[in-house]
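Bear in mind that the values in this text are calculations on the coordinates, not laboratory data. None of these values were measured; they are calculated from a predicted model. Cβ atoms come from the backbone with ideal geometry, glycine included; neighbour counts cover every protein chain shown.
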Amino acid sequence: GAGVSQTPSNKVTEKGKYVELRCDPISGHTALYWYRQSLGQGPEFLIYFQGTGAADDSGLPNDRFFAVRPEGSVSTLKIQRTERGDSAVYLCASSGQGGTGELFFGEGSRLTVL
Amino acid sequence: GQQVMQIPQYQHVQEGEDFTTYCNSSTTLSNIQWYKQRPGGHPVFLIQLVKSGEVKKQKRLTFQFGEAKKNSSLHITATQTTDVGTYFCAGGVRGGSYIPTFGRGTSLIVHP
């Protein structure tokens with residue numbers, strides 16, 4: 001079966017623009033996480049979904065960041081009014097064990113804000 | 001909030017030498033996971049430890065979870081060039097949402 005799929009793999013945008021990043025998790029996985037990774041750092045938690053609802057969004061840095069998962073499968077991370085500091089690799093991971101086991105990561109979406 | 005610290009940040013070794021990375025949490029963990037990220041790649045799960053004092057082995061890799069469930073280590077015996085990458089620990093706390101908190105990682109460089 002397919003793994004976690006993320007699109008786009010690379011996104012270059014200008015400061016102030018709106019960006020959407022998509023994550024298609026492993027089929028049947030109810031838990032979905034978004035992390036952000038900057039160069040030389042570990043993945044930094046953004047938001048966690050269990051099913052359709054955001055169970056924990058405490059990692060979102062500010063109200064420019066928003067994520068949805070309307071049907072409990074595909075998730076979209078939305079960033080408004082992008083800033084240069086938003087540049088990073090955005091990683092999506094899913095888990096099939098009620099969110100307490102192994103995370104399966106996608107290849108990530110590299111966002112560059114000019 | 002919960003913090004996970006990992007040392008060292010970098011480790012250079014000659015092929016055949018051993019390697020160890022250490023992970024410490026500010027809070028007691030329900031479990032700890034280890035991941036490996038190759039250069040340009042994404043984190044890949046290696047193992048999960050749950051019990052206090054647990055030790056698990058995978059070929060040349062030995063993983064330990066401390067008695068107090070606040071620290072962990074990964075030891076690689078006789079490193080090979082295929083071991084190159086960054087090793088992350090990720091600690092989770094049960095109760096409410098399970099959110100693995102990642103350490104900064106240890107980058108292993110193996111010189112042939």
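Observations on the structure shown:
- Estimated at 0.36 nm per residue, the fully extended path between B:GLN3 and B:VAL84 surpasses their Cα-Cα distance by 26.6 nm.
- Across the stretch B:4-111, the volume of the C-alpha convex hull divided among the residues equals 87 Å³ per residue.
- Size descriptor, Kirkwood hydrodynamic radius, that averages inverse alpha-carbon separations across chain A, Å: 13.9 Å
- When you count the other C-beta atoms within 10 angstrom of each residue and take the mean per peptide, B:19-28, A:58-67 line up highest first as B:19-28, A:58-67.
- Shielding of B:100-107 by partner chains, average beta-carbon count, 10 Å: 5
- Size of charge dipole - chain A - debye, nearest 20, with Cβ of Lys, Arg +1 and Asp, Glu -1, no other charges: 380 debye
- The protein assembly as shown - Kirkwood radius from inverse mean 1/r over Cα pairs (Å): 18.0 Å
- Long-range Cα-Cα pairs in the stretch B:20-72 (distance over 17 Å), rounded percent: 37 percent
- Residues listed by number, the stretch B:70-112, amide nitrogen under 16 Å from B:GLN14 label point at 7 Å toward C-beta: B:78-81, B:109-112
- For B:LYS57, the lysines whose Cα comes closer than 22 Å to its Cα, not counting residues fewer than 8 places off in the same chain, are B:LYS36, B:LYS69, B:LYS70.
- Considering every alpha-carbon pair of the stretch A:53-114, the percent of pairs per 5 Å bin, from zero through the bin containing the longest distance, is 4, 14, 22, 28, 18, 10, 3, 1.
- Cβ-Cβ FRET estimate between B:HIS75 and A:LYS78, R0 fixed at 35 Å, reported to 0.05: 0.25
- Net charge of neighbours whose Cβ lies under 12 Å from the Cβ of B:ILE47, counting Lys and Arg as +1 and Asp and Glu as -1: +2
- When the charge dipole of chain B is built from unit charges on Cβ atoms (+1 for Lys and Arg, -1 for Asp and Glu) and taken about the Cα centre, the candidate among B:VAL93, B:THR79, B:GLN9 whose Cα reaches farthest toward its positive end is B:VAL93.
- Cα gyration tensor shape of the stretch A:1-42, rounded if a/c is under 1.5, else prolate or oblate by comparing a/b with b/c: prolate
- Zone of B:LYS59's modelled label, taken as backbone nitrogen in the stretch B:79-112 under 11 Å from a point 7 Å along Cα→Cβ: B:80-83
- Absence of a disulfide-compatible partner, taken as no other cysteine beta carbon within less than 4.7 angstrom, is noted in the protein assembly as shown for none of its cysteines.
- Cβ-defined net charge surrounding A:LEU46, 14 Å radius [Lys, Arg +1; Asp, Glu -1]: -1
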